[in-house]
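As structure tokens, the structure follows; a few thoughts come after it.
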């Protein structure tokens with residue numbers, strides 16, 4: 001069907017004037033893909049579907065949301081009331097909001113798996129360094145987007161969570177107070193903060209989509225990695241993307257949509273991890289909640305912030321955690337890509353993944369001596385992974401690599 005559409009006279013006429021059909025044919029149909037890709041490579045397509053869901057649902061939510069902290073009576077505000085109106089009065093507003101909330105968690109879940117696959121199979125190694133850098137930049141933009149959206153319901157936890165997080169900017173040397181005031185639009189979290197966060201939360205997904213296009217173009221320039229990590233150079237070792245991998249990706253997207261629908265219709269709060277139920281109470285600047293913690297996908301980085309007693313030290317540790325992700329292609333000096341053939345690196349990677357899970361678990365709970373100790377140990381494993389990585393190749397004995405498939 002797709003082939004017939006691209007071979008019509010109209011498609012040829014358009015292609016002569018825009019080159020659009022040739023572009024689509026190369027990147028979506030004839031793109032040479034390694035034969036050995038498994039379903040771990042489907043998470044990129046799933047993430048793109050989720051991003052489209054987030055943009056579309058966010059657009060409809062923005063049509064009915066009012067970013068204002070003006071009181072409406074009974075302790076409510078215009079912003080909080082507009083969210084309640086979306087849930088109760090707007091046709092299918094509850095569905096759109098739940099899709100948006102569940103979609104945010106789904107997006108991070110899929111991206112975490114996508115990045116984990118890239119680390120395990122060495123997809124960050126040359127010649128894909130720029131591809132990895134763009135991917136990490138996308139990850140940071142995602143975190144900024146959800147940070148801006150965290151305040152919008154103007155509930156109790158969103159208000160105080162935004163207060164705590166914006167306070168962190170104050171620890172920046174020299175420009176800390178100015179930066180905090182710039183982010184908030186004043187000396188405290190209030191109406192200017194809400195207006196700024198709403199504008200940025202609406203803008204950033206569009207920026208995200210533009211950078212995703214760059215990410216795909218960079219991928220198609222260097223071509224996909226594969227589970228063996230051996231470059232597929234001969235024509236016998238690759239197959240066209242369509243129909244072989246479009247069918248595979250569509251199956252993965254179908255499975256995801258079934259799970260997505262379950263949470264949207266039957267468990268939209270995700271056991272309290274997708275949407276904070278305490279945030280259903282309106283913001284009260286005079287009453288601080290007993291426990292303030294972000295949504296699950298931010299808790300590993302929140303734990304890095306709070307595992308160091310010094311606020312400045314926590315910010316430096318958080319910045320270092322992201323800088324090390326950017327430097328990963330140059331820290332790993334082994335010529336072998338996939339962890340499958342690197343016994344020492346494979347154990348390090350699994351410990352690294354477990355450390356992130358443990359940090360996320362600890363970051364979701366109140367600060368206690370036990371959680372603090374466990375979180376610091378997990379944080380030490382996280383940073384230790386990057387510190388040991390440049391030296392692993394000196395004492396590691398990789399397994400023999402397979403021959404190029406089909407050669």
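FYI, it's all coordinate maths here, none of it is from the lab. Computed from a predicted model, the values in this text were never measured in an experiment. Note that each Cβ is placed from the backbone with ideal geometry, even for glycine, and that neighbours are counted across all protein chains shown.
Some notes on this structure:
- Residues satisfying the stated conditions in the range 388-403, i.e. over 32 Å from the mean Cα position of the chain (by Cα) and in a helix (DSSP H, G or I): 394, 395
- Hits in the range 109-138 - residues which are within 19 Å of residue 389 (Cβ to Cβ) and within 10 Å of the chain's Cα centre (by Cα): 115, 135, 136
- Residue that is surrounded by the most Cβ atoms within 10 Å (Cβ to Cβ) [pool: residues in the range 1-30 that are within 14 Å of residue 220 (Cα to Cα) and out of contact with any strand residue (DSSP E or B) (no Cβ under 7 Å at 6 or more places or on another chain)]: 25
- Of residues in the range 72-129 being in contact with a strand residue (DSSP E or B) (Cβ under 7 Å, 6 or more places away or on another chain) and outside any helix (DSSP H, G or I), the one surrounded by the fewest Cβ atoms within 10 Å (Cβ to Cβ): 75
- Failed criterion for residue 165 (all others in (1) under 19 Å from the mean Cα position of the chain (by Cα); (2) under 17 Å from residue 47 (Cβ atoms) hold): (2)
- Odd one out for residue 337, checked against (1) touching a residue at least 12 places away in the same chain (Cβ under 8 Å); (2) in contact with a helix residue (DSSP H, G or I) (Cβ under 9 Å, 6 or more places away or on another chain): (2)
- Only one entry of 146, 164, 183, 212 meets the criterion of being in contact (Cβ under 8 Å) with a residue 12 or more places away in the chain, in a helix (DSSP H, G or I), at negative phi and out of contact with any helix residue (DSSP H, G or I) (no Cβ under 7 Å at 6 or more places or on another chain), and that entry is 164.
- In the range 378-396, the residues that are over 13 Å from residue 332 (Cα atoms) and surrounded by 15 or more Cβ atoms within 10 Å (Cβ to Cβ): 378, 379, 381, 382, 383
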